[in-house]
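Working notes, structure below.
The values are calculated or read from the model by the stated rules, or taken from the named source; none is laboratory data. Predicted, not measured: the structure shown is a model, and the values here were computed from it. No Cβ is skipped: glycine too gets one built from the backbone with ideal geometry, and neighbour counts run over all protein chains shown. The area values use the complete protein model at the heavy-atom level, side chains included, leaving out ligands, DNA and RNA. Shrake-Rupley method; radii C 1.70, N 1.55, O 1.52, S 1.80 Å.
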Amino acid sequence: MQDRSESESRRLLRRLRDTLAEPARGQERLDRIVGMIAESMRTDVCSIYLFRDRETLELCATRGLNPESVHRTRMRLGEGLVGRVARTASIVNTADAPSEKGFRYMPETGEEIYSSFLGVPIQRLGEKLGVLVVQAREARAYSDDEVYALDVTAMVLAEMTELGAFTSDDTPMATPHKHPVMIRGGSGQEGTAEGQVWLHEPRVVVTNLVNDDPEAECERLRAGVERLRVSVDDLLQAASLSDKDHRDVLEAYRMFANSRGWLRRMEQSIESGLSAEAAVEKEQSEARARLQLVPDPYLRDRLHDLDDLSNRLLRILTGQGRDTGAQMPDRPILIARNIGPGELLEYGKLLKGVVLEEGSVGSHAAVVARALAIPLVVHVEGVTTEALNGDSIIVDGDEGVVHLRPDAGVAAAFRDKIVMQTQAAERFAALRDRPAADRNGTRVAMMMNAGIMADLPSLKGSGAEGVGLFRTELQFLLRNSMPRRSDLAALYARVLKAADGKRVVFRTLDIGSDKVMPYMNRPEEPNPAMGWRAVRVGLDKKGVMRMQLQALIRASNGKPLTVMFPLVAEMSEFTAARELLLREIEREAHLGHPLPEKVEVGAMLETPSLAFAPDAFFKMADFVSIGGNDLKQFFYAADRENELVRRRYDTLSLSFITFIQKIVKRCEDNGTMLSFCGEDAGRPIEALAFAGAGLRRLSMRPAAIGPVKDLILRADFAEVAQIIEDAKASGEETLRQRLVDYVRRLPIN
Ligand code: PEP
Ligand code: MG
């Protein structure tokens, strides 16, 4: 049985290779292939269906069906048996096709006389390209050997389709990676950009698909797998003991690399005639097809691991590294499945946009994209498979949409949008030096959020009056080991120098939850967002907190110092953290080091509880800053990272705005300076609502300052306050509609 399978598939593959080597292109080549397969398998019909677009399959070549139906017969994904093979990416083998569920015959093809049907998907790395079908009059199920042979042949056809082997000027056939595709994801950072694809992990190109000497090829595969195992072991040795997630992934790699089943299946493919590379890709394609059907996140992760491992093996076998020698395009838009913050920073300002197949709004990469002020779209399914280096692409960070190879109409519409955004940006730039005040002259201080040195130049360009939130954890997250005090002190000193006398609010380490430092031990937590994070870690691990406070004190060196503690839930936490700072200042004084000229100590209000703290807390704190991202997640019990719920509740709901008013009142009563530094402060309508609720300090991403200021200058806070009261009185849930109507009526600047 096995022997026959080997000869069946080897014979088919060899003949396929010979057919491909003949001087023919496009349609002629496809016609020869279906003829060859039908003869070789001694079957009445062989047909190739390819995707015209993502939803429609087209009969592109046939031996046995009515030739007139070629390029005429089309079916939708899921329609009939062919459509079923395509949709499920699995084989259909039946002796009695008409009695199969979903069977639907196409009268123009004349296929009603054929009883047996065998269809296999033509797919490459999870990308569906078409279906290869054989049919026969006689009612017989195709044997395992024949199924296998056809499957292996489909794999080679997939590679050839990818390489454009079946297209020529006279082929009315869509080539993969040529037609426009729109993919919807989630917005990670607003803005629109047009440019060309730059793949973070360029795909490996496999050109030799068929082998002549299975023994030598198996040897080559085994040598490659051995090198892979050694490299995974090396990675494991080098990985930090405390980075559990990273180690888990590497352990999974090791398990797969040592899996006998994996190796055996690849060897079997080689025995059947595939090259070592093609055998790896066959496994990889099947894993990707499974991935699309598996909802369980753990299993999906493992299948991703297998995918990564296959890529490594392919690179070993082909000798193709990441550096393919390709020239980075003029306006690169980075496409990656996922990317670490450090790697993204390395690309830095070169990039015009970032598109991630996975990623999340709160990921570190998203934070860096925000700092670089480039549009980011996350959760873009299939983009790393669909996009090729150099493809034209439009990233719409406002809508969370990506247009790959856009047609002229879409591109023109976006160019208009980009021009309008540029014009608006120019208008906003003209406001840069004007203080933000409403029509009655009530001022709002406009501050910016920052986290890396690259942010600081925006201080001048945006017209920010200072840095209202400096997220210090980014410096920790970008490294492989704990930074030294002297490095941190030098960095903070550079930040203060760049701020040139403007106030910088340094927030102490906000780690835990999604922000994980690979070198710090961290317990497994059932719900990390509500777990051991931020000031809770700082108070329990005083060594790290003290080191950071010392660095801040030394950096301020005679200048004013402003320190803010994150996620303070109770007064006692604030008292303890503040004590630590004051003690460090005393210690520095003892050591004879210069002290800050003055010190302000504040707390972030990110849990509802702090709004109900005793008056003594508000009196002790020099300032309070509302961390709206966290506060909103805890107020509504809606995880800010969970796509299913994160947009569910409106910031402009009267419940939330009333709560903000309460915080404003408590701060006013106690004479405490109050600001708002969550992302909502950078959304003009939300910012206006906050001003109406009494907030007079907002801190936001630098690019948002212009648009927010533009709206504030046209508005009247007293009118907004009245709108809030009217909405409350009429029992509405949210004030959004009233506020949007109000803004529409405002005069343009
Ligand atoms: C917030 O929670 O609003 C905030 C500013 O902090 P972060 O987004 O860093 O948690
Ligand atoms: Mg927060």
Where a residue in the range 611-633 is farther than 19 Å from residue 658 by Cβ and its partner, wherever it lies, is away from ligand 1 (no atom under 16 Å from the Cβ), with Cβ under 6 Å and at least six apart: 614/571; 615/670; 617/571; 619/670; 621/672; 622/600; 622/601; 623/673
Can you find even one residue in the range 564-583 that is among the aliphatic types (A, V, I, L, M), within 16 Å of ligand 1 (Cβ to nearest atom), modelled with pLDDT of 95 or more and at positive phi? yes
Evaluate the following for residue 641: is it away from ligand 1 (no atom under 13 Å from the Cβ) and more than 18 Å from residue 508 (Cβ to Cβ)? no
Within the range 506-514, is there a residue that is more than 16 Å from ligand 2 (Cβ to nearest atom) and among the aliphatic types (A, V, I, L, M)? no
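Against the condition within 16 Å of ligand 2 (Cβ to nearest atom) and either of a type outside the set (Phe, Trp, Tyr) or modelled with pLDDT of 95 or more (or both), how does residue 632 come out, does it pass?
Working: within 16 Å of ligand 2 (Cβ to nearest atom): yes; either of a type outside the set (Phe, Trp, Tyr) or modelled with pLDDT of 95 or more (or both): yes.
For residue 632, the condition - within 16 Å of ligand 2 (Cβ to nearest atom) and either of a type outside the set (Phe, Trp, Tyr) or modelled with pLDDT of 95 or more (or both) - is met.
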Just to be sure before I move on: is residue 89 without any contact (Cβ under 8 Å) to a residue 40 or more places away in the chain, open to solvent by less than 50 Å² (accessible area, probe 1.4 Å) and outside the structural domain of residue 282 (by TED's automatic domain parsing) in the structure I sent? no
So which residues in the range 37-69 are farther than 11 Å from residue 111 by Cα, aliphatic (A, V, I, L, M) and touching a residue at least 40 places away in the same chain (Cβ under 8 Å), if there are any at all? 37, 38, 41, 48, 50, 57, 59
Within the range 689-734, take every residue that is free of Cβ contacts under 8 Å to residues at least 24 places away in the same chain and of a type in the set (A, V, I, L, M) and give me the one that is farthest from residue 625 (Cα to Cα). 729
Test set (1) away from ligand 2 (no atom under 16 Å from the Cβ); (2) crowded, with 17+ Cβ neighbours inside 10 Å; (3) not polar (S, T, N, Q) - residue 647 fails condition number: (2)
Only residues that are crowded, with 23+ Cβ neighbours inside 10 Å and either more than 10 Å from ligand 2 (Cβ to nearest atom) or small (Gly, Ala, Ser) (or both): list them for the range 606-616, please. 610
Can we say residue 670 is under 24 Å from the mean Cα position of the chain (by Cα), farther than 26 Å from residue 743 by Cβ, away from ligand 1 (no atom under 14 Å from the Cβ) and not assigned by TED's automatic domain parsing to the domain that holds residue 400? no
Residue pairs within 7 Å by beta carbon, gap of at least six or interchain, first lying in the range 218-239 and β-branched (Val, Ile, Thr), second in a helix (DSSP H, G or I) and surrounded by 15 or more Cβ atoms within 10 Å (Cβ to Cβ), listed first then second, are 225/257; 225/263; 225/313; 232/250; 232/253; 232/254; 232/257
Contact list, first residue from the range 195-209 and acidic (Asp, Glu), second anywhere and open to solvent by 50 Å² or more (accessible area, probe 1.4 Å) and part of a loop (DSSP other than H, G, I, E, B), beta-carbon distance below 7 Å, six or more apart or interchain, is 201/322
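Restricting to helices (runs of 4 or more DSSP H) lying wholly in the range 434-546: which have 1 or more residues that are modelled with pLDDT under 85?
Filter on the range 434-546 gives 458-462, 473-477.
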